[in-house]
Every structure is written in structure tokens, then in C-alpha cells.
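Colleague: I have a structure I would like to understand better, so I am pasting it below and will then ask my questions one at a time.
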Amino acid sequence: GAPVRLFRAAAGSRTWAKDPYDALGVERDAGAIEIKRAYLAIAMQCHPDVNRIPGAKEQFAQINVAYEILSDPEKKSAYDGGLTDAQGNKKEWFNPYEAAGFTPSWKEVKSMEEEINKRIFNEVYGAARPGRRSRSGRGRG
């Protein structure tokens, strides 16, 4: 398995990757067996009883959380869909465009909602036809 990827946050301190995939060193399309193998390999290396380096306990905790998310299909799907964060907590605000790297302005959202509502209305009731009267020939009133 691939080693845990570490990066320097500040002089003398270590911060582990926040993404569960990075924590376990697996690709986003990794299968259950590959995820489990990566987890077991890293867990054996960084278990606090085996590894006495500073931060091993935190690293071990992080890979446990990462494995908990990626080994459960529902939790993995929620994380991949942007519904939960890297710790498995539900996000307070969900941006459905985030996964595509797109965050529309409020004006764009309003425009999209108006277009969607117009299309739904036209689909359900038919497009408005100017000059057309009701079937009885009389207007309302």
C-alpha cells in the first residue's frame, strides 16, 4: 500500500491530509478490497503501540475515520457527493455544484430556478398560446 501523504503546515508541525482518499493513499475509484488493504497496511505502520513518533496517535485516528467513511457504501457516497465532510459530519449547507467545481452566483441560481420552473410549468400545462380561448369559447369571469 501507499504511505500516508504528509505535508508541512508550519515549521515543526505536521498536518495530515484531510481527504479520506489521501489519508489512505488510494484513488477515488478504489474498490473495497483496495481500501481495506491500504487501511491495514497504514494501521500497522502508524499504530501508537508500534510507532512512537509524535503525532502517530492523531494519524491513527485519522486513518480510522477515513476507513470508516470509505468502507461504508452509504458514507462513501455521501462524502463523494459533498453531503459530508472528511470527518463524516453532515455539511450545514450543500452546494450541488461543488463537485463540478462550479459555484454559481445568486443571480445565476435565480435564473436557473426560473428556467427550470418555466420548463416544468410548460411540460405540465403546455406552452402558452397567444390568442387562444378556452374550449367553451368564453373567458373566465
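The values are calculated or read from the model by the stated rules, or taken from the named source; none is laboratory data. It should be emphasised that the depicted structure is a prediction, and the values quoted were computed from it without experimental measurement.
Colleague: What's the number of the only condition in (1) closer than 15 Å to residue 26 by Cα; (2) within 23 Å of the chain's Cα centre (by Cα) that residue 84 fails to meet?
Modeller: So residue 84 meets the others, but not (1).
Yes or no, residue by residue, for (1) modelled with pLDDT under 85; (2) over 30 Å from residue 38 (Cα atoms):
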position	(1), (2)
71	no, no
77	no, no
80	no, no
87	yes, no
98	yes, no
101	yes, no
112	yes, yes
127	yes, yes
